[in-house]
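Written out below as structure tokens is the structure these notes cover.
The values are calculated or read from the model by the stated rules, or taken from the named source; none is laboratory data. Here the structure is a predicted model, which is why all the values come from computation and not from measurement. Backbone-built Cβ (ideal geometry, glycine too); neighbour counts: all protein chains shown. The accessibility values were calculated without ligands, DNA or RNA, using every heavy atom of the protein model including side chains. Shrake-Rupley method; radii C 1.70, N 1.55, O 1.52, S 1.80 Å.
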Amino acid sequence: MAAVVDTQQLRRPVVFAVQTLTVAACYFAAGRLGLVRQLTVEGAVVTPIWPPTGVAVACLLLYGLRSWLGIAIGALLVVWSIITPGPSVIGTVVGNTLAPVCACLMLRRVGFRINLARLRDGVALVFLGALGAMLISATIGAGLLVLTGKLDPGGFWAVWLAWWVGDAMGVLLVTPVLLLAFGVRARPDLGRWREALGLTLIVCVLVPVATRSTLSLLFLIYPLLIWAALRFQLVGSMLCALFASVMTTDAATGGSGPFVHLTSVEVMIKLQAFNGTMALTALLLSALIAEQRNTRRSVEHACEELMEVLDHLTAGETPQGRPPPARRPRT
């Protein structure tokens, strides 16, 4: 018995260390991926989509608040890879760690479910996990740039807005995909593989055309999001939104398609407005459809149980698991 207890006590630190290093590695990999495409706003370099925030929020929701150490280590490695070590590094790491932790705490407070099967879960992730909590990292990050003299005070709000939206987009686009990937247990419905393949081919052809054309054809992506949400719920719509956002960001940072001949501020506004509305549409529409389908299944199940009870009563039998009706005493 003592040997078993000792083994368990030794296993816990090892599991924690492996989990921490895994979270840090995932955060760092997502950070390097997010740095591939950048925008310059008021002399400061920002990323339109910052995937590490989505990775951090997903890890905290899945593995608990103990994941904060891995997030902090990953954030430190990312910051050290792009700037020289200094006092501002600690502040940036604190902001990038504190924002996801606050997002997790607020989502837990309102009873958030990681399967995103209710509309309230989608709304909570949008307004608490993304738009609300990411105010912390944006304020700390932009504020440190001003305090260290790397940013003129007049450009604070422009950089703050770009920072905030980039972090929020990471949560809106990356967190749902990771939560869904973690929760996949059932076998895929092979009966609709042809429709899924057709939708994939259309998305892979139409989205690059819409994001590279100078005719402003970005609106053509929304019917694809609706199709994916109606037929494949959150998995289809979020994967479609993520692919469209990556392609649009690539076009915007390259100054091509509908973003040609625009200033850096105009590119940022147009790109973030499109990414934000697209992510909100995909997430909220999918959550609403999932909630309605779950409600319909519950009603159908209740109707089946009621029909079974009526059949037993009609046949003069007592439904299984129900006590027989009590007889009234004769007077």
Among residues of the range 30-79, those that are in a strand (DSSP E or B) and not aliphatic (A, V, I, L, M), counted: 1
Say whether the condition of being exposed (fewer than 13 other Cβ atoms within 10 Å of the Cβ) and not charged (D, E, K, R) is met by at least one residue in the range 223-236. yes
When residues of the range 255-268 are limited to those that are of a type in the set (A, V, I, L, M) and in a helix (DSSP H, G or I), the one farthest from the chain's Cα centre (by Cα): Val265
Here are some residues: Thr200, Thr249. Which one is hydroxyl-bearing (Ser, Thr, Tyr), open to solvent by 70 Å² or more (accessible area, probe 1.4 Å), assigned to a helix (DSSP H, G or I) and within 27 Å of Asp121 (Cβ to Cβ)? Thr200
Kindly indicate which of Ala99, Ala117 is within 23 Å of Gln272 (Cβ to Cβ), open to solvent by less than 30 Å² (accessible area, probe 1.4 Å) and under 16 Å from the mean Cα position of the chain (by Cα). Ala99
What tally of residues in the range 143-165 results from selecting those that are open to solvent by less than 10 Å² (accessible area, probe 1.4 Å) and modelled with pLDDT of 90 or more? 0
Quick one: count up the residues across the range 203-216 that are crowded, with 16+ Cβ neighbours inside 10 Å and closer than 27 Å to His261 by Cβ. 6
Any idea which of Leu271, Leu180, Leu206 is in a helix (DSSP H, G or I), within 30 Å of Ala117 (Cβ to Cβ) and touching a residue at least 40 places away in the same chain (Cβ under 8 Å)? Leu180
Taking interchain pairs and intrachain pairs at least six residues apart, which have beta carbon atoms under 7 angstrom, with the first residue in the range 227-242 and under 16 Å from Leu173 (Cβ atoms) and the second open to solvent by 10 Å² or more (accessible area, probe 1.4 Å) and of a type in the set (Gly, Ala, Ser)? Ala228/Gly236; Ala229/Gly236; Leu234/Ala290
Being assigned to a loop (DSSP other than H, G, I, E, B) and not charged (D, E, K, R) is the filter here; which residues of the range 88-139 pass it? Val110, Gly111, Phe112, Ile114, Asn115, Leu116, Ala117, Leu131, Gly132, Ala133
